[in-house]
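Structure record follows, encoded as structure tokens.
Read-outs: derived from the displayed coordinates by stated rules, not from any lab. What you see is a predicted model, and the numbers here were worked out from it, not measured in a lab. Every residue, glycine among them, receives a Cβ derived from its backbone with ideal geometry; neighbour counts consider all protein chains shown.
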Amino acid sequence: MKKVLVIEDNEDNMSLITFILQKGGYNTIWAENGRKGVELAEREKPHFIILDIQLPDIDGFEVLRQIRASKADARVPIIAMTSYAMSGDREKLMKAGCTGYIEKPIDPETVMEEIHKIIKKNSDILTSGF
């Protein structure tokens with residue numbers, strides 16, 4: 001079973017995301033803050049990461065930077081799942097190293113489809129030699 005790291009401080013959001021991922025056949029690991037998320041990314045080597053941007057200790061941009069610079073696979077897909085949805089935020093996150101972006105509130109009916117599209121696009125890029 002593929003492993004997903006979810007970095008999310010809100011328990012309700014975590015429960016919903018975890019439920020959806022587990023129903024989709026993924027094993028989930030949860031980090032309630034950014035520092036723990038970076039640690040788990042290095043230790044657990046997840047298949048992909050769901051990252052909230054507004055975290056209690058360090059923000060998602062810093063978490064993203066640290067994961068990309070860490071012992072974790074720098075190519076691991078990192079999907080921002082956030083209510084951080086002002087004009088230009090998606091572009092800033094993608095430029096900072098996110099693989100994809102999903103706005104909250106999430107739609108439980110379509111979120112797995114969105115995740116799979118992002119993961120497939122990322123794996124196509126990786127295997128094409130870029």
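Quick notes on this one:
- Identity of the residue in the stretch 64-92, in a helix (DSSP H, G or I) and within 17 Å of VAL38 (Cα to Cα), that ends up farthest from the chain's Cα centre (by Cα): ALA69
- Filter result for the condition that a residue is touching a helix residue (DSSP H, G or I) at 6+ places or on another chain (Cβ under 7 Å), over 17 Å from LYS2 (Cβ atoms) and polar (S, T, N, Q), over SER70, SER83: SER70
- Out of GLU113, GLU103, one residue alone is exposed (fewer than 15 other Cβ atoms within 10 Å of the Cβ) and either free of Cβ contacts under 8 Å to residues at least 60 places away in the same chain or within 16 Å of ASN13 (Cα to Cα) (or both). It is GLU113.
- Qualifying residue in the stretch 61-75 (condition: in contact with a Ser or Thr (Cβ under 9 Å, 6 or more places away or on another chain) and of a type outside the set (Lys, Arg)): no
- Residues of the stretch 17-45 that are in a loop (DSSP other than H, G, I, E, B) and under 23 Å from ASP107 (Cβ atoms): GLY24, GLY25, TYR26.
- Here the stretch 88-98 is the region considered, the condition is being surrounded by fewer than 20 Cβ atoms within 10 Å (Cβ to Cβ) and touching a helix residue (DSSP H, G or I) at 6+ places or on another chain (Cβ under 9 Å), and the residue that is nearest to LYS120 (Cα to Cα) is GLY97.
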